[in-house]
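A.B. asks: Sharing a structure below in structure tokens format, with a few things to ask.
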Amino acid sequence: MQVLGTVLVIIGIIYVYMIVMRPPFLMNNFKVKIMVKKMGVKGFWIFFIVWTILVLGGGILILV
């Protein structure tokens, strides 16, 4: 379980980096373009932030 928790924390940190830096490869991704089209830009970022909180929180809970 510690390996799963560690992997989730690392993925969560990568997601936080993507939220802060907003790299162009993220916004030019085909799947992201479809999500933005369906949810709007604001909805996409809200979804991305909530998903990041869930992944990072889950990883921290598993490690504790």
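A.B. asks: List the helices (runs of 4 or more DSSP H) that sit entirely inside the chain and contain at least 2 residues that are touching a Ser or Thr at 6+ places or on another chain (Cβ under 9 Å).
C.D. replies: Those helices (runs of 4 or more DSSP H) span 2-21, 30-63.
A.B. asks: Can you name the residue in the range 1-19 that is open to solvent by 100 Å² or more (accessible area, probe 1.4 Å) and over 11 Å from the mean Cα position of the chain (by Cα) and, of all such residues, is modelled with the highest pLDDT?
C.D. replies: VAL3
The values are calculated or read from the model by the stated rules, or taken from the named source; none is laboratory data. The shown structure was predicted, so the numbers you read here are calculated from the model rather than taken from an experiment. When we count neighbours, we look across all protein chains shown, and the Cβ atoms used for this are built from the backbone with ideal geometry, even at glycine. Heavy atoms of the whole protein, side chains included, go into the accessibility calculation; ligands, DNA and RNA do not. Shrake-Rupley method; radii C 1.70, N 1.55, O 1.52, S 1.80 Å.
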